[in-house]
Amino acid sequence: MTNNTDVLQNGALLPLVEDFYTIQGEGFHTGKPAYFIRLGGCDVGCAWCDAKYTWNPRLYPPTDIEVVVQRAVACDAQSIVITGGEPLLYPLAPLTERLKECGLKIFLETSGSHPFSGTFDWVCLSPKHKLPPLAEAYERAHELKVIIEREEDFEWAEENAAKVGEECLLYLQPEWSVSEQIMPKMVEYAKRHPKWSISIQSHKFMRIP
Ligand code: SF4
């Protein structure tokens, strides 16, 4: 379910859930300060999603991207993380162009299940069983982050790893609610298959958003 693109004036307005300056907790950029822009709307439907409140974009008013850009440049952030929900539901070129004009690096977090728009310095692709990535998402990924809920997900991780480019970094990340049970298996898997690194949701340990 998305807001109508006419309503959103082709990306001049976006359904903003929240924006805030914090520390990136996951994947390659873990530990680095970043300004997060979270957009509402997702049609993937992961059972364990920790952002279900974002799924219905109509709960979030179309927001002028200039308002968000001004808030981002008003703090010391050097990089922006565009996340959701699924941000590729929307035309992102206007937002990314404005952020680039301000000299900011732009990172995208996506399931890759919708066509790309906008320009990004880093793409973190997190594929989901329910709505797998489009072919172009694999080509664009700098980082593949596969959520591991059960042992069968290692096979899913390998299927996805076979589709990304050679330079793409590979991460396994435990699904938060089962992380204690699955982590020992992930550690053993990564030791046996060292092309994989382990990512944890460190922001949850830091108690930050
Ligand atoms: S793709 Fe992301 S936001 Fe959408 S349901 Fe899955 S975990 Fe939640």
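List of remarks:
- When residues of segment 145-155 are limited to those that are open to solvent by 20 Å² or more (accessible area, probe 1.4 Å) and within 14 Å of the ligand (Cβ to nearest atom), the one nearest to the chain's Cα centre (by Cα): Ile147
- When the residues of segment 29-47 are filtered to those that are more than 23 Å from Met206 (Cβ to Cβ) and in contact (Cβ under 8 Å) with a residue 12 or more places away in the chain, the one that is surrounded by the fewest Cβ atoms within 10 Å (Cβ to Cβ) is Gly45.
- Residue count for segment 40-83 satisfying the condition of being near the ligand (Cβ under 10 Å from one of its atoms) and closer than 18 Å to Thr119 by Cβ: 1.
- Total residues in segment 159-182, condition open to solvent by 50 Å² or more (accessible area, probe 1.4 Å) and either in contact (Cβ under 8 Å) with a residue 12 or more places away in the chain or in a helix (DSSP H, G or I) (or both): 8
To keep it simple, each residue is scored yes or no on (1) closer than 21 Å to Gly27 by Cβ; (2) modelled with pLDDT of 95 or more; (3) away from the ligand (no atom under 16 Å from the Cβ); (4) among the charged types (D, E, K, R).
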site: Glu97; (1), (2), (3), (4): no, yes, yes, yes
site: Glu101; (1), (2), (3), (4): no, yes, yes, yes
site: Leu104; (1), (2), (3), (4): yes, yes, yes, no
site: His114; (1), (2), (3), (4): yes, yes, no, no
site: Asp121; (1), (2), (3), (4): yes, yes, yes, yes
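- Contacts under 6 angstrom Cβ, first residue in segment 108-126 being of a type in the set (Asp, Glu), partner within 15 Å of the ligand (Cβ to nearest atom), 6 or more apart: Glu109/Thr83; Glu109/Cys124
The values are calculated or read from the model by the stated rules, or taken from the named source; none is laboratory data. If you're wondering where the values come from, they're calculated on a predicted model, not measured in any experiment. Note that each Cβ is placed from the backbone with ideal geometry, even for glycine, and that neighbours are counted across all protein chains shown. When the accessible area is computed, the model is the full protein with side chains, heavy atoms only, and any ligands, DNA or RNA have been set aside. Shrake-Rupley method; radii C 1.70, N 1.55, O 1.52, S 1.80 Å.
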